[in-house]
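Please treat every number below as a calculation from the coordinates, not as lab data. All figures in this text were calculated on a predicted structure; none of them were measured in a lab. Every residue, glycine as well, gets a Cβ built from its backbone with ideal geometry; the counts of neighbours run over all protein chains shown.
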Amino acid sequence: MSAGKERGVRWRQVGILIRSDIYDGAEQQHLDIPYECNAALARRLGLEYPKSQSPAPVPSSTHLAAGAEKLRPVINADDPATPAKVKKEKKEAATAKPRPVPLPVTPDTPKSPKSIPPVSPAPFLEEASKKPAADRKKKTSAIKRFVTTRIVRTSDEGGTDTIVPKDELYQRFERWCRENAISPVPDRRSFTVALKNQYAIPERSVGGEPYWVNIRVK
């Protein structure tokens, strides 16, 4: 196949797929597959293709699209360097080491910050709940001392000394608290509610002014 070296003949290497049964039949009949392909295309195109022509040698193997079968190498027997090339390819294939597959790189997992134990709100709630209770107890104690030590109950509603204006009684209560170093002084609302509900002191309005009745102050 010295015609492959003819001057002016240019070759182009392409990869084609051949059906396996066609390929096996051509091998059994010892057909020159590159020549047959070139000759068939030349006839189709109306070109001349002498039988003596042969394409230039191609690499030992070619990978086509993904999943395509490997094509067997086409060897130019007239090329004096062919035996050495075949021997070199076999040696390289036998000694070739598989390429290492890189391991997937995973980002470092960030270390979670040290968890801070939650602070129980119980102590603060307990303190907050104790304070109003203590204030109420202090107010109740001050009002109770004033009522038991300074107020006398009476049953004579006709006498002028059996009624006391509410404003006046609270003012006397404030003065008594200051004299006895009671602080804070219970507010007027707490004082009025205690006398009405807790000690059941009756009340009435005289001339549009509110009074406590059936009591007098010492």
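Inside segment 159-218, counting only strands (runs of 3 or more DSSP E) that do not spill past its ends, which hold 1 or more residues that are touching a helix residue (DSSP H, G or I) at 6+ places or on another chain (Cβ under 6 Å), among the basic types (Lys, Arg) and surrounded by 12 or more Cβ atoms within 10 Å (Cβ to Cβ)?
On the way: elements: 163-165, 203-206, 209-213, 215-217.
Fully inside segment 159-218 and qualifying: 215-217.
Which pairs do you get when a residue that is under 18 Å from VAL9 (Cα atoms) and in contact (Cβ under 8 Å) with a residue 24 or more places away in the chain, found in segment 24-53, comes within reach of a residue that is exposed (fewer than 15 other Cβ atoms within 10 Å of the Cβ) and among the hydroxyl-bearing types (Ser, Thr, Tyr), reach meaning Cβ atoms under 8 angstrom, with the pair 6+ apart or on two chains?
SER52/SER2
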